[in-house]
Amino acid sequence: MLDRVRRPWSDHSAERLLGAVACLLAVGIILMIVFIVRGAWPTFSHEGLSWLGSGGSPDSQLGAMAYTSSKPPPSAFVVHAWPLIYGTILTAGFAVLFALAISLAASIFIVDFAPPLVRRTMKPIIRLLAAVPGVLYGLVGILVLVPLINKYLVTESEQQSVANVIQLTGGGLGITIVLVTLMITPIMTALITDALESVPRAWREGAIALGLNPLRATLAVSLRAIRPAIIAATGLAAARAIGEAIVVSMVSGGNSFAPNPADGKIFFFEPVETLGSEIVRVAEDLGAPAVHSTLYAFAALLLFSSFALSLSAYLVKLPLRRYQVSS
Amino acid sequence: MSARERLANARSGKLRPAARQSSENVALPIDNLELTADLMSVTPEKADSTTQVAGTAAHGRERLRLDDVSVFYGNTPAVKNVSLSISHGEVLALIGPSGCGKTTLLRTLNRLTELTPNASHSGQILLDGDEIDELVDTDLRSRISMVFQQPNPFPMSIFDNVGFALREQSRRRPRRPELEPLVNQALQRAGLYEEVRGDLGRSALRLSGGQQQRLCIARAIAQKPEILLMDEPCSALDPRSTAVIEDLIGQLSKDLTIVIVTHNLQQARRIADRVAFMYLGDLVEIGETEQIFTAPREQQTREYIAGVFG
């Protein structure tokens, strides 16, 4: 019996085994989609897509749902999630933009300009940062940064000016963006650094030999060559930023308010809630069927958005592959 | 019959069977046609032009002058006290065994050694009388262009490759119609135009190795440099592509100064006006090609040519 196991596998059976694992993965994903859509079905059947719109505060709507009966009437499912969707787009959008700028600059420095010693130390540090559990950022945020912002950046008069609508506590859009940026930058930097390092040295050297300065050579040849990798890294980071829940719920201010850019500086101190953080915050009320269904609807939206993100990243990359050898 | 003509004829004779043989291979029909046509038309003309200058010491005015140039990696000298001058329109070949410093010397001429962290050089290198260290490095490199050992086309279209330097060097990004004549001209001078015309949007990485190297030559000459450095440009190529590029070097040397590093002695003999033999960082001997190959002054040169070492 043991002999049978020890015998080297034929290519054929190895192939079948690997195929089975891949199929299992696909089945798992499909089951997850079915599960989520089924859970969200009451909300979709009662509300259609109108729950994506705006009107009132999702916090109070979900709060009301928690007290509905176990057989809620269709009217119990009313929710307008726009402030959460807007909050998700706002935090993820800003965070991805900042992270892209930072990780491009950092990768270019590490690969093409840093002295060897700096390069050798920076690379493992960035990988380490990418592996830091996100909740640590949340802890530092809520214990250190939020009080600091409240003390030094938000003035008494600013708090007074909006006191009858929201409370400015220090937590809010700004600190959320900063933390999400911190969380996604290391992995983006690691991916872009790897891509830049795989660019043949001869390309950049060739560009320099044609009279370009080293930075122009990097931008015009290397960065151009790794555009597909940059897009892929951005897509991955965006998906993570959209779905980030725990850290956001820790520092976002705990109010599903839609920050208004017209408010100027206060905009960044206004509380915000994302789809993910709202799920975390309301999860304790999952016993109520209406809450249950609504949170599944949020989850379905998140799932759909991340699929849409990876699909669009793939589509954007397609025309860029034209000049690669293997296309 | 001059030695040069003999060699040229020997080469065409030697290569014809190869060309005929490979004409059965339909993969690269254009290369074959190109080659046989080139060999017939170019060879006599080239023999003429080179016999004219064989005896004279210089073609034209002096372009590049090296005075006591040494190049170091850290404290180790890779090139020791080299002095020589290069005139307008000549082809100078640097020969010598591996590690003799010929590539280092070549890369010093356009200050590409500066990319190597601990490289430095002493002595003077003058381009038209100006110390090259005092020129702006990017200006210097657009005047002294370079072709590398491995073809290194950028992952872009053929057009974008050839127009690359022109685009990047101009303050205002030139539009395609403005670039087109310059790109076409460069491709024509590099002998690639006929093969790629009509599809300049194709990826440069899909060309054959020989075509890629000619593309790199086109790219290097598009911004009209004064001097072209070539670092073993044929060592990664098959004999047919090599012959095409050697002919091209003959054509280009009419209005370009060319310094070429080569491992291949016979290639140096075929294409160079003068040859410099380097050994372990020293410039052992420099002279007219025929003199180096038939009557070398130094014992080391004689032995290297004869194949005693290297």
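Tell me, which residue of the range B:215-234 that is assigned to a loop (DSSP other than H, G, I, E, B) and away from chain A (no Cβ under 11 Å) is farthest from B:S142 (Cα to Cα)? Write out each step before concluding.
Residues of the range B:215-234 assigned to a loop (DSSP other than H, G, I, E, B): B:222-226, B:232-234.
Going one step further and asking which of them are away from chain A (no Cβ under 11 Å), we end up with B:224, B:226, B:232-234.
Numbers: B:K224: 8, B:E226: 9, B:E232: 20, B:P233: 19, B:C234: 22 Å.
By that ranking, first place goes to B:C234.
Evaluate the following for B:V91: is it more than 22 Å from B:I271 (Cβ to Cβ), open to solvent by less than 10 Å² (accessible area, probe 1.4 Å) and at pLDDT 90 or above?
On the way: more than 22 Å from B:I271 (Cβ to Cβ): no; open to solvent by less than 10 Å² (accessible area, probe 1.4 Å): yes; at pLDDT 90 or above: yes.
So B:V91 does not fit the description; no.
Considering only the range A:168-270, give the helices (runs of 4 or more DSSP H) lying wholly within it that have at least 3 residues that are polar (S, T, N, Q) and more than 14 Å from chain B (Cβ to nearest Cβ).
Numbers: elements: A:173-197, A:201-209, A:214-217, A:227-243, A:246-251.
Answer list for the range A:168-270: A:173-197.
If you scan the range A:66-122, which residues turn out to be under 20 Å from the mean Cα position of the chain (by Cα), small (G, A, S) and open to solvent by 50 Å² or more (accessible area, probe 1.4 Å)?
A:A101
Could you grab me the full set of residues in the range A:139-171 that are at pLDDT 90 or above and either among the β-branched types (V, I, T) or closer than 22 Å to A:P83 by Cα (or both)?
Result: A:V140, A:I142, A:V144, A:V146, A:I149.
Enumerate the helices (runs of 4 or more DSSP H) found wholly within the range A:1-118, keeping only those where 2 or more residues are among the β-branched types (V, I, T). Write out each step before concluding.
Numbers: elements: A:2-6, A:11-47, A:58-65, A:82-108.
Output list reads A:11-47, A:82-108.
Kindly indicate whether B:S235 is over 24 Å from B:T108 (Cα atoms), surrounded by fewer than 20 Cβ atoms within 10 Å (Cβ to Cβ) and not aromatic (F, W, Y). Before the answer, list the steps.
Values: over 24 Å from B:T108 (Cα atoms): no; surrounded by fewer than 20 Cβ atoms within 10 Å (Cβ to Cβ): yes; not aromatic (F, W, Y): yes.
So B:S235 fails the test.
Right, A:V144: open to solvent by 40 Å² or more (accessible area, probe 1.4 Å) and either within 14 Å of chain B (Cβ to nearest Cβ) or under 20 Å from the mean Cα position of the chain (by Cα) (or both) or not?
Details: open to solvent by 40 Å² or more (accessible area, probe 1.4 Å): yes; either within 14 Å of chain B (Cβ to nearest Cβ) or under 20 Å from the mean Cα position of the chain (by Cα) (or both): no.
For A:V144, the condition - open to solvent by 40 Å² or more (accessible area, probe 1.4 Å) and either within 14 Å of chain B (Cβ to nearest Cβ) or under 20 Å from the mean Cα position of the chain (by Cα) (or both) - is not met.
Collect the residues in the range B:238-257 that are among the β-branched types (V, I, T) and closer than 17 Å to B:E194 by Cα, keeping them in residue-number order. Let's see the steps before the verdict.
First, pick out the residues of the range B:238-257 that are among the β-branched types (V, I, T): B:242, B:244-245, B:249, B:257.
Listed by number, the residues that qualify are B:V244, B:I245.
Could you run through the range A:233-291 and say how many residues are without any contact (Cβ under 8 Å) to a residue 12 or more places away in the chain, farther than 15 Å from A:I89 by Cα and in contact with a helix residue (DSSP H, G or I) (Cβ under 7 Å, 6 or more places away or on another chain)?
1
Does any residue of the range B:134-155 turn out to be open to solvent by less than 30 Å² (accessible area, probe 1.4 Å), more than 8 Å from every other protein chain (Cβ to nearest Cβ) and either of a type in the set (K, R) or touching a Phe, Trp or Tyr at 6+ places or on another chain (Cβ under 9 Å) (or both)?
Yes, the range B:134-155 contains at least one residue that is open to solvent by less than 30 Å² (accessible area, probe 1.4 Å), more than 8 Å from every other protein chain (Cβ to nearest Cβ) and either of a type in the set (K, R) or touching a Phe, Trp or Tyr at 6+ places or on another chain (Cβ under 9 Å) (or both).
Failed condition for A:V146, given (1) under 30 Å from B:S170 (Cα atoms); (2) in contact (Cβ under 8 Å) with a residue 60 or more places away in the chain, with all others met?
The one condition A:V146 does not meet is (1).
Exactly one of these conditions fails for B:V162: (1) surrounded by fewer than 16 Cβ atoms within 10 Å (Cβ to Cβ); (2) at pLDDT 90 or above. Give me its number.
Of everything listed in (1) surrounded by fewer than 16 Cβ atoms within 10 Å (Cβ to Cβ); (2) at pLDDT 90 or above, B:V162 misses just condition (1).
Against the condition in contact with a Gly (Cβ under 7 Å, 6 or more places away or on another chain) and surrounded by 21 or more Cβ atoms within 10 Å (Cβ to Cβ), how does A:V272 come out, does it pass? Break it down stepwise before answering.
Values: in contact with a Gly (Cβ under 7 Å, 6 or more places away or on another chain): yes; surrounded by 21 or more Cβ atoms within 10 Å (Cβ to Cβ): yes.
So A:V272 fits the description; yes.
Kindly state which helices (runs of 4 or more DSSP H) lie completely within the range B:122-214 and contain at least 3 residues that are over 30 Å from B:V82 (Cα atoms). Before you say what the answer is, go through the steps one by one.
Numbers: elements: B:137-143, B:158-162, B:164-169, B:176-189, B:193-196.
Result: B:158-162, B:164-169, B:176-189, B:193-196.
Being facing chain A (nearest Cβ under 9 Å) and open to solvent by less than 30 Å² (accessible area, probe 1.4 Å) is the filter; apply it to the range B:165-209 and report the residue that is farthest from A:I226 (Cα to Cα).
B:A165
Filter the range A:133-153 for residues that are under 20 Å from A:T185 (Cβ atoms) and hydroxyl-bearing (S, T, Y) and give the result.
A:Y137
Name the residues in the range B:95-112 that are open to solvent by less than 10 Å² (accessible area, probe 1.4 Å) and within 22 Å of B:L135 (Cβ to Cβ), would you?
Listed by number, the residues that qualify are B:L105, B:L106, B:T108, B:L109, B:N110, B:L112.
Residues to consider are A:L182, A:L215; find the one that is over 30 Å from B:K224 (Cβ atoms) and either out of contact with any helix residue (DSSP H, G or I) (no Cβ under 6 Å at 6 or more places or on another chain) or open to solvent by 40 Å² or more (accessible area, probe 1.4 Å) (or both). Before you say what the answer is, go through the steps one by one.
On the way: A:L215 fails: over 30 Å from B:K224 (Cβ atoms).
When all the criteria are applied, what remains is A:L182.
Mind telling me which of the residues A:E205, A:E156 ends up being of a type in the set (D, E), over 20 Å from A:A106 (Cβ atoms), loosely packed, with under 15 Cβ neighbours inside 10 Å and out of contact with any Cys (no Cβ under 6 Å at 6 or more places or on another chain)? Quick ask: steps written out before the conclusion?
Details: A:E205 fails: loosely packed, with under 15 Cβ neighbours inside 10 Å.
Of the residues listed, the single one that is of a type in the set (D, E), over 20 Å from A:A106 (Cβ atoms), loosely packed, with under 15 Cβ neighbours inside 10 Å and out of contact with any Cys (no Cβ under 6 Å at 6 or more places or on another chain) is A:E156.
Residues in the range B:127-139: is at least one closer than 27 Å to B:D282 by Cβ and within 17 Å of the chain's Cα centre (by Cα)?
no
Among what's in the range B:251-296 and is of a type in the set (D, E) and assigned to a loop (DSSP other than H, G, I, E, B), pick the residue that is surrounded by the fewest Cβ atoms within 10 Å (Cβ to Cβ).
B:D255
The values are calculated or read from the model by the stated rules, or taken from the named source; none is laboratory data. Please read all numbers here as calculations on a predicted model, not as lab measurements. Don't worry about glycine lacking a Cβ; one is built from the backbone with ideal geometry, like all the others, and counts go over all protein chains shown. The protein model used for the area step is the full one, side chains on, heavy atoms only, and it has no ligands, DNA or RNA in it. Shrake-Rupley method; radii C 1.70, N 1.55, O 1.52, S 1.80 Å.
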